[in-house]
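*Asks:* I have a structure I would like to understand better, so I am pasting it below and will then ask my questions one at a time.
The values are calculated or read from the model by the stated rules, or taken from the named source; none is laboratory data. This one's a predicted model, so the numbers in the text were calculated from it and none came from an experiment. Cβ atoms come from the backbone with ideal geometry, glycine included; neighbour counts cover every protein chain shown.
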Ligand SMILES: Cc1cc2nc3c(=O)[nH]c(=O)nc-3n(C[C@H](O)[C@H](O)[C@H](O)COP(=O)(O)OP(=O)(O)OC[C@H]3O[C@@H](n4cnc5c(N)ncnc54)[C@H](O)[C@@H]3O)c2cc1C
Ligand SMILES: NC(=O)c1ccc[n+]([C@@H]2O[C@H](COP(=O)([O-])OP(=O)(O)OC[C@H]3O[C@@H](n4cnc5c(N)ncnc54)[C@H](OP(=O)(O)O)[C@@H]3O)[C@@H](O)[C@H]2O)c1
C-alpha cells in the first residue's frame, strides 16, 4: 500500500444529513462501501483513547487503515445507528478487517494475540490489486488516477484491436486518438479556411493561391496525439498505476486474463473491477463495407487526402466529419437514412443542415446503402455505392473516392467474459445497465463511460463518472455522477451547442401550453464586415412557465457555440430562469450577450430586423409557444434587436 498509515476519511458530502429513508439508505450504502473498499476500516471518535490504541496497533503492524471520526462528520449519529444495525455494536471504535467485523478495541487486541487478526489481514493479499480497470480511455484513466490518489493499488489494461483497415493507436481511448481531439483539430483546420476567406474583407492581401495539404495537417495532429499518449503513460507511472497494454477478459469472479499483442497470457486478480471498454464504429453488414469503407477510426490518420467523400450517417460523427471535410475543400455528400441529429432539437438540426448545404455539403435524404464496390484501386481509389430509398423501390448509384461509415457505435462488452461472471448486458445493444452508483448486477464489478445504458456518450461524462466512482469506492465521498443537464456541442461548420431538453422533449415532458420559447436570429459582429449571412445564427431557450420560467432547454447555433454553451450550462445547474438572464448584463460585443438582453431595452426598428422577425415567424410555425427574445407574452411581436448595436 502506498498511502501513509492512518488516512483520515473526509467529512461526508452534502446531503447526507438529510432525513428520510433515501438519506438513510445512502448512509447505509456508504458505510457498507467503506467497509468493502478498505482493508482496515475504523469507525471512531477523534477524542476516544481506545481508538488511539487501535490505531497504534495497526501502525505497529505496518498496516494502512482508513478512519471515519464520527464526531467530525455531519451525519455521524446516523452512521453510528447504521453501524449498530449491521454489527450489533453500539460503541466506538468499531473495526472491520477485510469486510469482517472484528469488534471494538479489546476484541481487536484479542484477535491480534490469538493470530486471527493476522489471518484476516492476509486475506486481502490474496488479490494482486485493489482495483483493475479494463479500458484506458477517458473514463478508465480518470478512475485509475483518482483511485491511485486515494492510495489504492491499481492496474489499467488498455488494448486497441486494429480496425478492419488496420488502424490502431496508443493509450487514451477514443477521445484522444480517434474522437474529440483530432476531430476538433480538423474542425479548426476547416475554420481557418473560412477565416482566410473572411480575411480579404478585413484588408489582408495575398496573391499566393491558398490550398490545403492533408498530409501536413494529419502529421501535425498525429504528433499532438502522440504527445498526449506519452503524457498519459507518464501520469500513470507517476501515480504508481500499473499499465498493461493487453486485452482484458474475465475468467473468474475476481480474476482476469490479459492477452498482449504477441498472444502471451497473464492472469491478475483484484478486489474490484471497473469496465470502461468504450465503443467501436459499427459496420453496415453489406457487401464491400469492411473491405472498402473507412470509419472515424481510420479517418484522422488517413495517410492520403480522402477526395470525393460519401459520409453515411447523419448524427454527431457523420455531420462533424462531413463539415470539416467540406471545409477543407472536398466534395462531400451525406447519406441520411431518416433525420439529421436524431434526438436533438429538430429545428436546430435542420438549421445545422441548411448551413452545411450553404457551405457546399450535399445531402442525399432517405437513402441507405446496399452495396459498395471497388472500381479502381488507389490512395484513394474509386468506389461505387448503390443505395436504396427508405420510402420506395428507387435505387441510386454514385462514385466516390472514399466512403466514411458513421452509422453508430457498438459497445465493447461481448468479448470480455462477462457471461463467465454473470454481469448482465442489454442483449440488443450490448450496453451495461448499472444502478445510480455505476454498479453492475455483480456487486464488485462497476462500469462507466460509453458502455453504460441510457447515459450520454461524452468524454467529460466518462471522466466525471470515473473520478466520482473512485472517490465513493475508496474515499469517504457519497457524491454520485449527475447525468442531468449535460451540455454538448456538435462541431459542425457552424457549431451547435445545447443543454437540457430539445423542444420536442420539453413538450413531451411539460406539455406545450406550459412552455414559453424565446428565440432570436443574430448576426455576429465579425460576420458583418465579412459579408456573411445575417439570417443564420440562432439562439433559443425553452422555459417552464409554471416554474418561474426556469430554463429547461438551451440551444445555440453560432460561432464558438461550444465555448458559450459551457458557461450557460453552469447557470442552468444553478437554476437559471428567464428573469435571471434578463438581469444579467451582457458582454458587448459578443454572441453570448444575446441571451441576456434586457426585455425593456429600446428596440432598433430597422428594416433588416423586421425582415429577421418575419423569417423567424415563418420558420418557427411548429414551435411550442414562440416568443421573440424581447417580445411580450401574448402581445404583438416586436422585432429582434441586432447584436452589434
Ligand atoms: C469521432 C468522434 C468524435 C467525438 N467527439 C467528441 C467530442 O467532441 N466531445 C465529447 O465529449 N465526446 C466526443 N466523442 C465521444 C467520446 O470520445 C467518448 O464518449 C469517450 O471517449 C468515452 O470514453 P470511455 O472511457 O467510455 O471509452 P473510450 O475512450 O473509448 O476508451 C475505451 C478503451 O478501452 C479499450 N478496450 C476495449 N476493450 C478492451 C479490453 N477488453 N481490454 C483492454 N482494453 C480494452 C479501448 O481500446 C479503448 O482504448 C467522440 C467520439 C467519436 C467517435
Ligand atoms: N461533439 C461531440 O460531443 C461528439 C461527436 C461525435 C460523437 N459523439 C458521441 O458519439 C456517439 C456516437 O455518435 P454517432 O454519430 O457515431 O452515432 P449515432 O448517434 O448512433 O448516429 C448514427 C447515425 O447513423 C445513421 N444510420 C444508422 N444506420 C444506418 C444505415 N444502415 N444507413 C444509413 N444511416 C444509418 C443513423 O440514422 P437514424 O437517425 O435513421 O438512426 C444516425 O444518423 C454519440 O452519441 C455522441 O455522444 C460526440
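*Asks:* Please work out if residue 136 is surrounded by fewer than 20 Cβ atoms within 10 Å (Cβ to Cβ) and either more than 40 Å from the chain's Cα centre (by Cα) or more than 30 Å from residue 21 (Cβ to Cβ) (or both).
*Replies:* Spelling it out, it is not the case that residue 136 is surrounded by fewer than 20 Cβ atoms within 10 Å (Cβ to Cβ) and either more than 40 Å from the chain's Cα centre (by Cα) or more than 30 Å from residue 21 (Cβ to Cβ) (or both).
*Asks:* Give the residue, chosen from 274, 352, that is in a strand (DSSP E or B), modelled with pLDDT of 95 or more and in contact with a strand residue (DSSP E or B) (Cβ under 7 Å, 6 or more places away or on another chain). Before the answer, list the steps.
*Replies:* Values: 352 fails: in a strand (DSSP E or B).
Testing whether each residue is in a strand (DSSP E or B), modelled with pLDDT of 95 or more and in contact with a strand residue (DSSP E or B) (Cβ under 7 Å, 6 or more places away or on another chain) leaves just 274.
*Asks:* Here are some residues: 473, 494, 468. Which one is part of a loop (DSSP other than H, G, I, E, B), away from ligand 1 (no atom under 12 Å from the Cβ) and either in contact (Cβ under 8 Å) with a residue 12 or more places away in the chain or under 16 Å from the mean Cα position of the chain (by Cα) (or both)?
*Replies:* 494
*Asks:* Hey, another quick one. For region 284-333, name all the residues that are surrounded by fewer than 19 Cβ atoms within 10 Å (Cβ to Cβ) and either under 21 Å from the mean Cα position of the chain (by Cα) or without any contact (Cβ under 8 Å) to a residue 40 or more places away in the chain (or both).
*Replies:* 285, 331
A quick yes/no check of all residues on (1) assigned to a loop (DSSP other than H, G, I, E, B); (2) touching a residue at least 40 places away in the same chain (Cβ under 8 Å); (3) in contact with a helix residue (DSSP H, G or I) (Cβ under 9 Å, 6 or more places away or on another chain):
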| residue | (1), (2), (3) |
| --- | --- |
| 370 | no, yes, no |
| 373 | no, yes, yes |
| 378 | yes, no, no |
| 396 | no, no, no |
| 426 | yes, no, no |
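*Asks:* Within region 53-115, considering only strands (runs of 3 or more DSSP E) that don't extend past its boundaries, which have at least 3 residues that are without any contact (Cβ under 8 Å) to a residue 24 or more places away in the chain?
*Replies:* 100-103
*Asks:* If you scan region 117-152, which residues turn out to be assigned to a helix (DSSP H, G or I) and farther than 30 Å from residue 169 by Cβ?
*Replies:* Initial filter on region 117-152 (assigned to a helix (DSSP H, G or I)): 117-124, 138-149.
Hits for region 117-152 are 117, 118, 119, 120, 121, 122, 123, 124.
*Asks:* Which condition number does residue 160 fail, the rest of (1) without any contact (Cβ under 8 Å) to a residue 60 or more places away in the chain; (2) within 16 Å of ligand 1 (Cβ to nearest atom); (3) assigned to a strand (DSSP E or B) being met?
*Replies:* For residue 160, the failing item is (3).
*Asks:* Within the group 524, 487, which residue is within 16 Å of ligand 2 (Cβ to nearest atom) and touching a strand residue (DSSP E or B) at 6+ places or on another chain (Cβ under 7 Å)? Break it down stepwise before answering.
*Replies:* Details: 524 fails: within 16 Å of ligand 2 (Cβ to nearest atom).
Just one listed residue meets the conditions, 487.
*Asks:* So, one more: Just wondering, is there one or more residues in region 288-299 that are in contact with a helix residue (DSSP H, G or I) (Cβ under 9 Å, 6 or more places away or on another chain) and part of a loop (DSSP other than H, G, I, E, B)? Spell out how you get there, then give the answer.
*Replies:* Applying the first criterion (in contact with a helix residue (DSSP H, G or I) (Cβ under 9 Å, 6 or more places away or on another chain)) to region 288-299 yields 295-299.
Now drop any that are not part of a loop (DSSP other than H, G, I, E, B), which leaves none.
Checked against the condition, which is being in contact with a helix residue (DSSP H, G or I) (Cβ under 9 Å, 6 or more places away or on another chain) and part of a loop (DSSP other than H, G, I, E, B), region 288-299 yields no hits at all.
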